Amino acid sequence: MKKSGILHNVRIVLWALVAVAAVAATYFTVVPRERSLDQGVAFYSTPFKLTNHDGAEVTQSDFLGKPSAWFYGFTQCPEVCPTTLAEMSQLLDALGPDADKLNVVFVSVDPERDTVEVMKDYVAYFDQRIVGVTGELEAVSAMATARYVYFEKIPLDGGDYTMEHSANVQLADADGYFFGTLDGEEPVETRLAKLRRLIE
Amino acid sequence: MKRLLAILAIAMASPLAAGAHDFTSGTMYIDHPMIQEAPPGARVLGGYVTLHNQGAEDDRLVGIETPAAEKVELHRSTVTDGIARMQPMTDGLPLPAGEIVWLGDNGTHAMFVQPDKRYAAGDELPATLIFEKAGRIDITFKVEERSTDLAPGHGEHPQ
Ligand SMILES: [Cu+2]
């Protein structure tokens, strides 16, 4: 009698634990799927004021409401930047009509040389759908810091300089949450799959 | 190497490359010097060339001169830990005896700084390659349409 009473209590405790576990599991799997805990702040919604390739002022809100893909480079870059932009154009073509669901932005990390005029011709050469962004060096630096993007001016012989910069394309969702990166080393199909997941 | 093969395959399929475009001086064989068409506004051009040192002695490409740009520098672009960088090849490009070396492999390139005009596919640029032992050899770079297979960290697609 006594023994079965204890068992009964144990069973109640166990069922209670199962219920707690079930609630916890729901919380940790279902809720975070919407917005994972380690995503932290939506750093792609951090305020900025820069200029697009048509000379118009742009802010963070111009690129929210739709997912976006961002590349940070400079026009006097002989290889990595033109290749990345050409590949972004190919990816937009591969997305077909779905390309409209994505903002693609090229931010100059060399705004001193990359004026609005330079950016306009440069970006148009690759794809009319890519938005070129430049502006005050301080504003670009602040944006890069907020987004964990690295760039630095490297002096060359004869007073010239080149730029070191983050090579990946960064992805953000419509609310400005970081969504991952596109890496030039990974197959184009992988990058296309990531973009499809982003705009779904 | 994989990339070199890919480039060769593209080069052979490309109608632009159909006419042989090579130079020989002594034991130095210079094949397919080309420049990628640059976007408007870009004040740099990337140049590439295959060099076959058929001599018995090691040689070295130490520089390139052209009347068509302010200067030409030998560089290597790299992408390491997600950072794109470009460094001068201060010792030039080594050309071991008997070997075929592609300026273009591993991010190496000739950077034409401040060309005198915009160069589009089909244009040509005269240039002089300067070798440690083979001396100065006059050649012509042909401008070709941009391919996405040249940049470091790109084009190694397993296909
Ligand atoms: Cu360079």
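The values are calculated or read from the model by the stated rules, or taken from the named source; none is laboratory data. Treat the numbers as computed from the prediction; the structure is a model and nothing was measured. No Cβ is skipped: glycine too gets one built from the backbone with ideal geometry, and neighbour counts run over all protein chains shown. Ligands, DNA and RNA are stripped out before the accessible areas are found, and what is left, the full protein with its side chains, is counted by its heavy atoms. Shrake-Rupley method; radii C 1.70, N 1.55, O 1.52, S 1.80 Å.
Among the residues of the stretch B:38-77, count how many are within 16 Å of the ligand (Cβ to nearest atom) and not in a strand (DSSP E or B).
First, pick out the residues of the stretch B:38-77 that are within 16 Å of the ligand (Cβ to nearest atom): B:38-39, B:42-49, B:61, B:63-64, B:66, B:69-77.
So of that shortlist, the ones also not in a strand (DSSP E or B) come out as B:38-39, B:42-43, B:66.
Of the residues in the stretch B:38-77, 5 are within 16 Å of the ligand (Cβ to nearest atom) and not in a strand (DSSP E or B).
Residues in the stretch A:127-162 that are over 24 Å from A:ALA174 (Cα atoms) and either assigned to a strand (DSSP E or B) or of a type outside the set (Asp, Glu) (or both): 11 in all. Residues that are open to solvent by 30 Å² or more (accessible area, probe 1.4 Å), more than 8 Å from chain B (Cβ to nearest Cβ) and touching a strand residue (DSSP E or B) at 6+ places or on another chain (Cβ under 9 Å) within the stretch A:149-162 comprise A:PHE151, A:GLU152, A:LYS153, A:PRO155, A:TYR161, listed in sequence order.
Conditions (1) within 20 Å of B:ARG136 (Cα to Cα); (2) within 14 Å of another protein chain (Cβ to nearest Cβ), marked per residue:
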residue	(1), (2)
B:GLY41	no, yes
B:GLY46	no, yes
B:GLU57	yes, no
B:ALA68	yes, no
B:VAL72	yes, yes
B:ARG76	no, yes
B:VAL79	no, yes
B:GLY82	no, yes
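Every residue, every condition in (1) within 13 Å of chain B (Cβ to nearest Cβ); (2) of a type in the set (S, T, N, Q), yes or no:
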site: A:SER108; (1), (2): yes, yes
site: A:TYR125; (1), (2): yes, no
site: A:VAL140; (1), (2): no, no
site: A:GLU164; (1), (2): yes, no
site: A:VAL169; (1), (2): yes, no
site: A:THR181; (1), (2): yes, yes
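Residues checked against (1) open to solvent by less than 30 Å² (accessible area, probe 1.4 Å); (2) away from the ligand (no atom under 16 Å from the Cβ):
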position: B:GLN114; (1), (2): no, no
position: B:ASP123; (1), (2): no, yes
position: B:ILE130; (1), (2): no, yes
position: B:ILE139; (1), (2): yes, yes
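Yes/no matrix, rows are residues, columns are (1) of a type in the set (Gly, Ala, Ser); (2) more than 21 Å from A:SER45 (Cβ to Cβ):
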| residue | (1), (2) |
| --- | --- |
| A:ALA94 | yes, yes |
| A:MET119 | no, yes |
| A:VAL131 | no, no |
| A:LEU137 | no, yes |
| A:TYR148 | no, no |
| A:GLY158 | yes, yes |
| A:GLU164 | no, yes |
| A:ALA193 | yes, yes |
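Residues in the stretch A:184-195: is at least one within 15 Å of the chain's Cα centre (by Cα), within 18 Å of A:VAL105 (Cβ to Cβ), part of a helix (DSSP H, G or I) and within 12 Å of chain B (Cβ to nearest Cβ)? Yes; the residues of the stretch A:184-195 include at least one that is within 15 Å of the chain's Cα centre (by Cα), within 18 Å of A:VAL105 (Cβ to Cβ), part of a helix (DSSP H, G or I) and within 12 Å of chain B (Cβ to nearest Cβ). Considering A:VAL131, A:VAL116, the condition of being within 13 Å of another protein chain (Cβ to nearest Cβ), among the aliphatic types (A, V, I, L, M) and touching a His at 6+ places or on another chain (Cβ under 8 Å) is satisfied by A:VAL116 alone.
The residue pairs whose first member lies in the stretch A:73-84 and is farther than 14 Å from A:GLU112 by Cβ, whose second member is among the aromatic types (Phe, Trp, Tyr) and assigned to a helix (DSSP H, G or I), and whose beta carbons are closer than 9 Å, counting only pairs six or more residues apart or on different chains, are A:PRO82/A:TYR122; A:PRO82/A:TYR125; A:PRO82/A:PHE126.
Quick grid of which residues meet (1) at pLDDT 60 or above; (2) in a helix (DSSP H, G or I); (3) in the same structural domain as A:ALA193 (by TED's automatic domain parsing):
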site	(1), (2), (3)
A:VAL13	no, yes, no
A:ALA21	no, yes, no
A:THR26	no, yes, no
A:GLY65	yes, no, yes
A:ALA69	yes, no, yes
A:GLN76	yes, no, yes
A:LEU91	yes, yes, yes
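Of the residues in the stretch A:90-101, at least one is more than 16 Å from the ligand (Cβ to nearest atom), facing chain B (nearest Cβ under 8 Å) and closer than 21 Å to A:GLU189 by Cβ.
I'd like to know if the stretch A:38-56 contains one or more residues that are of a type in the set (Phe, Trp, Tyr), surrounded by 14 or more Cβ atoms within 10 Å (Cβ to Cβ) and modelled with pLDDT of 95 or more. Don't jump to the end; show me each part of the working.
Keep residues of the stretch A:38-56 that are of a type in the set (Phe, Trp, Tyr), which gives A:43-44, A:48.
Filter again for surrounded by 14 or more Cβ atoms within 10 Å (Cβ to Cβ), leaving A:43-44, A:48.
Imposing the further condition that a residue be modelled with pLDDT of 95 or more reduces the set to A:44, A:48.
There is at least one residue in the stretch A:38-56 that is of a type in the set (Phe, Trp, Tyr), surrounded by 14 or more Cβ atoms within 10 Å (Cβ to Cβ) and modelled with pLDDT of 95 or more.
Collect the residues in the stretch B:78-102 that are part of a strand (DSSP E or B) and within 15 Å of the ligand (Cβ to nearest atom), keeping them in residue-number order. Selection gives B:THR78, B:VAL79, B:ALA84, B:ARG85, B:MET86, B:GLN87, B:PRO88, B:LEU93.
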